[in-house]
Amino acid sequence: MPGFKHTMAAIPGGNTRRTYGTAHWDGTTWRANIGGNLVTCRWMDPVQPVQGGSLVVDITTDERGQATALVVGSYADQPRPSTGSVLVPGVSEILFTGEDGTTYTTDRFIGTYSIGDPVYVCWDGASPTIIGKIPAVKVTPKANTPKPPGGGDIAGTKRTPATRSDTYDPAKGWGAWASANLGGEDVYAGTQAGHTLTGAWFYGLGNNILTGRTIKEARFRLPGRLDIGDSGSVTVHIYAHALGSIPGGALTAAAGPFDVAVSDDGTPTWVVLPDDFHPILVAGGGIFITAGDYVGFRGRLEDPNSGKLETDWTR
């Protein structure tokens, strides 16, 4: 269209600045609170604000100094879970755990549910709606995945990232050793300078969705080693523990040990866990490691897949 370039030239110049604020409802109008100022905005469809909810606001200023504000969406520190598992069904409210291991309550749901039902969840801002049950999870077979013991079809694979990784030092407690200090979340095991260390991963309620399912195989991703300690292969002792979050003191083994030799090339290692780990993980437990040699591994802040679990299940 030859006239289009003239139309573009006629549009006055300006600039857009992205800001952040919160939603404010005064009983009549929704506005954005930006730095203590209540700003009248246009709202991108279908933004559905909640009082005090976080907003992303674009402010555009033209050459005459006139400004307009457009709310382009809300935001959260982490993505909202799209699936979950019913913990407590009710007539007016349902308590469920999301695939992120966090527990939520909602009074918005379609259909009726029982304890343990896997469900789909959609979100309007920070408000979840349960929209139906998950009939089965279909997966594409992976070329290097070992065949599940005992044969039989796999109905699905639950992939559960760790919600926390950390190191326990009996002298200092959790999160006080080397790069695990001050929230670093790296994982150490073995003995160094008289300190016998334990590294651990926690998953919250992330695996409770598998309650009542038959577990065919569970795999654990041991992350790459840190460049510390002796070179060469190190034997790591893997245990299951029964806790969903960090305790006040040392962990207690609920299953294990299961020994794995880990090379020093810095690559992650997928480990097929023994069957007696399965019920502990499904009930909300996690993994911890010890070692004879001093060894360290990347925590989930450096490697988001540190300690990730993959669980094949069937009904």
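The values are calculated or read from the model by the stated rules, or taken from the named source; none is laboratory data. No experiment lies behind these values; they were computed from the predicted model shown. Reconstructed Cβ throughout: ideal geometry from the backbone, glycine too, with neighbour counts over all protein chains shown. Quick note on the areas: whole protein, heavy atoms, side chains included, nothing else; ligands and nucleic acids left out. Shrake-Rupley method; radii C 1.70, N 1.55, O 1.52, S 1.80 Å.
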Total residues in region 90-121, condition open to solvent by 50 Å² or more (accessible area, probe 1.4 Å) and not charged (D, E, K, R): 12
Among the residues in region 28-38, are any surrounded by fewer than 18 Cβ atoms within 10 Å (Cβ to Cβ), at pLDDT 90 or above, basic (Lys, Arg) and part of a strand (DSSP E or B)? no
Where a residue in region 156-177 is more than 24 Å from GLY224 (Cβ to Cβ) and open to solvent by less than 30 Å² (accessible area, probe 1.4 Å) and its partner, wherever it lies, is assigned to a strand (DSSP E or B) and at pLDDT below 95, with Cβ under 7 Å and at least six apart: GLY156/TRP313
Checking GLY244 against (1) open to solvent by 60 Å² or more (accessible area, probe 1.4 Å); (2) within 24 Å of ALA180 (Cα to Cα); (3) small (Gly, Ala, Ser), which test does it fail? (1)
Applying the selection to region 247-276, what residues are assigned to a loop (DSSP other than H, G, I, E, B) and either aliphatic (A, V, I, L, M) or farther than 20 Å from PHE202 by Cβ (or both)? ALA250, LEU251, ALA253, ALA254, SER263, ASP264, ASP265, GLY266, THR267, LEU273
Going by the conditions given, is ASP58 under 28 Å from LYS158 (Cα atoms) and within 33 Å of the chain's Cα centre (by Cα)? no
Pairs please, first residue from region 37-66 and without any contact (Cβ under 8 Å) to a residue 24 or more places away in the chain, second anywhere and surrounded by fewer than 17 Cβ atoms within 10 Å (Cβ to Cβ), Cβ atoms under 8 Å, 6+ apart in sequence or on different chains. LEU38/ASP26
Those residues of region 56-71 which are open to solvent by less than 50 Å² (accessible area, probe 1.4 Å) and either farther than 30 Å from GLY98 by Cα or at pLDDT below 90 (or both) amount to ASP58, ILE59, THR61, ASP62, ALA69
